[in-house]
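Here is the structure we will look at, set down as C-alpha cells.
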Amino acid sequence: MQRSTDRILTTHVGSLIRPDSIRQHLRAKQKGENYDPAAHARDLRQTVAEVVRKQAEVGIDVVSDGEFGKGISWSQYVVERMAGFEKRPFTPSGNPFRRGADRERFSEFYKELDRRDHVEITTDMVVVAPIKYSGQAALQLDIDNLKAALKNAKVVEGFLPVAAPASAVPDRKNEYYPTEEALVEAIGRAMHDEYKQIVHNGLLVQLDDARAAVTYDRMVPPGSFKDYRKWVARHMDILNAATEGIPTDKIRYHVCWGSWPGPHTTDVPARDIMDLILRVRAGAYVLEMANPRHEHEWRVWEDVKLPKGSVLIPGVISHATNVVEHPELVKERIVRLAKLVGRENVIAGTDCGFAQQPFYERVHPTIQWAKLEALVEGARLASKELWGRKKTAKKKVAAKLRRSAAKRRRAA
C-alpha cells in the first residue's frame, strides 16, 4: 500500500454511480427479460475502463472499479457468489432494513424517504445449507476488468471493495447452523477466498463494514451497550481470522455509520468503538469523518494512536449532501489530522460510496465528480501547507549557499 511520502494521496470508498447501460442490463436480468450476458460483459469492461480513466483525469490516486460488477448492493451481492442461501418473501415482521432507533424517532421523515428512494431489498435471505464461496469466476471478471483499466490510467494503485463478514448479507436468517456465531464463522471462512483472490491478483482489498457501527442503532435498546461491544468484538475476531495469511498492507478496512441521508441521532460515538476498529488487522482504516454528525470526532486522534505501519483514510468529502465542499475546507480537514497522526499516514478519502446499490444516486453524477475534484484540490492545498514550507526553506538555504559560493569565486 502506497503512502503519502511527498504529498497527500487521494482515494474514495469505492462505489460510484452506475451508467445507464449497466442499469439496463441489470434490470433485464432481474426481470428475466431479454438479458444478454455477453453484451453485459462487453459493456462492463468498457464502463469500468471509462470510470477508471475518469478517476485518473480528476486526479484520484487510488482508484476502484466503481463496484460496477456487483448486481445487487455492496453487501447483498454476496448471495450471488456464495452457496447456502435461499430467497424468500419477507415474513410478517417486515423488512429488517426499515428498523432502528433513528427510524423510530423520525418515523414520518423515513416514510417520505422510503417513498422517494424505494428500498431495493425485498426478500429475506435464509441460510438453508452449508456456506461455501462460489463466486470465483464473477470476482475474477471484476479483477480482470479493473486491471485492464489500470494499464491505461496514470494512477498509483487500485482496490476492490467487498463486504466484511459482519456486513455480508446482513439481517440474514439462519435455518442450518446451530448458532449465529457458527454461521458468521462459516461466512468468514468463505469470504477468505474472496479476499485472498483479490490480493493474489495484485490489488488492494477493502473490507466494507458498515454493520460494525450501524448495529448499535439496531441493537440498543433493547440490548445494552455491553452487549453491542461484545457483538462487535466477536465479529472483529472473525474478520481477522478471515484475512489470515493476507499481508496487512494489502488490506483497507472501512467503517461508516450507514450511507442513508437520515438524521443519525442514534449513531454510536466513534470514541466508544475506536479500540475495536483498530483491533482489526489492516494497513489502512477508512473512516467516515466529514458529515456533520461525526466531523467533530477528528479529535479522537488527539489521544488515539494508529497501529504501527498503518494509515488513516479519513472521509473529507461527504457523499450524502449535494453541497460541494470548498477545497479550503477539505484542506483544513486533512491538515488537522495530518498534524496528529503524521502527514505520511494520511490519504484523503470520502465518507462512503456514492451509489451503494446499482440504482442509487446519493448525489447527481455531475456533483459526484465535482466533489472528487474538490477532494483532489483540497489535498493539493494540504500538501502545499504540509510540505511546501519545508521545500521553500530548502530552496532558501540552497540559494544562500549559491550566493556564498559566487562571492568566494569573485574574491578569488
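The values are calculated or read from the model by the stated rules, or taken from the named source; none is laboratory data. As the structure is a computational prediction, the values presented were derived from the model and not from experiment. As a convention, Cβ positions derive from the backbone with ideal geometry for all residues, glycine included, and neighbour counts pool all protein chains shown. Accessible surface is based on the protein model in full, side chains and every heavy atom, while ligands, DNA and RNA are left aside. Shrake-Rupley method; radii C 1.70, N 1.55, O 1.52, S 1.80 Å.
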Suppose we filter P307, P261, P269, P292 for residues that are open to solvent by 30 Å² or more (accessible area, probe 1.4 Å) and closer than 23 Å to E157 by Cα; which single one remains? P307
When you look at A370, is it in contact (Cβ under 8 Å) with a residue 40 or more places away in the chain and within 29 Å of I246 (Cβ to Cβ), yes or no? no
Being surrounded by fewer than 16 Cβ atoms within 10 Å (Cβ to Cβ) and charged (D, E, K, R) is the filter; apply it to region 46-89 and report the residue that is nearest to Y176 (Cα to Cα). E86
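How about region 105-156: which of its residues are assigned to a loop (DSSP other than H, G, I, E, B) and at pLDDT below 90? Lay out the reasoning, then the answer.
So in region 105-156, the residues assigned to a loop (DSSP other than H, G, I, E, B) come out as 106, 118-122, 134-135, 151-156.
If the condition is that a residue be assigned to a loop (DSSP other than H, G, I, E, B) and at pLDDT below 90, then H118, V119, E120, I121, T122 are the ones that fit.
Being β-branched (V, I, T) and open to solvent by 10 Å² or more (accessible area, probe 1.4 Å) is the filter here, so list the residues in region 101-153 that pass it. Break it down into steps so the answer makes sense when it comes.
Keep residues of region 101-153 that are β-branched (V, I, T), which gives 119, 121-123, 126-128, 131, 143.
V119, I121, T122, T123, V128, I131 - these are the residues of region 101-153 that are β-branched (V, I, T) and open to solvent by 10 Å² or more (accessible area, probe 1.4 Å).
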Taking interchain pairs and intrachain pairs at least six residues apart, which have beta carbon atoms under 7 angstrom, with the first residue in region 252-271 and free of Cβ contacts under 8 Å to residues at least 60 places away in the same chain and the second part of a strand (DSSP E or B) and surrounded by 21 or more Cβ atoms within 10 Å (Cβ to Cβ)? V255/L287
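Against the definition (charged (D, E, K, R), assigned to a loop (DSSP other than H, G, I, E, B) and open to solvent by 10 Å² or more (accessible area, probe 1.4 Å)), how does R279 come out, yes or no? Don't jump to the end; show me each part of the working.
Numbers: charged (D, E, K, R): yes; assigned to a loop (DSSP other than H, G, I, E, B): yes; open to solvent by 10 Å² or more (accessible area, probe 1.4 Å): yes.
Criteria met by R279.
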